[in-house]
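Note sheet for the following structure.
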Amino acid sequence: MSTKKPKADNENSRRGFLLGAGLASAAGAAVVATRGGPLQAPATKAKPRLDERGGGGYHVTDHVKRYYRSTLV
C-alpha cells in the first residue's frame, strides 16, 4: 500500500490554498485602503467674498469695450 496521496487530491489542496491566500490578501488590501472605516471629506475653507479680496467682480472698462468693438462683424 502506498503512503502518497493521489495526484488529484494534492492539486485540489494546492488550489484551495492559493484561492484562500488570494482572497485573504484582497480582503487585507481592502481594509488597508479604507483604513477600516468610512472616508471623510477634507475640510474646506470658506471662500472670501469679492469685496473682501479687493475685487468687485466684472467691470466693463475701456480696453474691454475696445475688444468688444473688434469682435463685431
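Every read-out reported here was derived from the displayed coordinates using simple, explicitly stated rules and does not represent laboratory data. Since we're looking at a predicted model, the values are computed, not measured. Virtual Cβ from ideal backbone geometry, glycine too; neighbours counted across all protein chains shown.
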What full-extension length gain, to one decimal in nm, is calculated for residue 35 and residue 11 as 0.36 nm per residue of separation minus the Cα-Cα distance?
5.1 nm
Measuring from label point to label point, each 7 Å out along Cα→Cβ, what is the residue 26 to residue 66 span in nm?
6.6
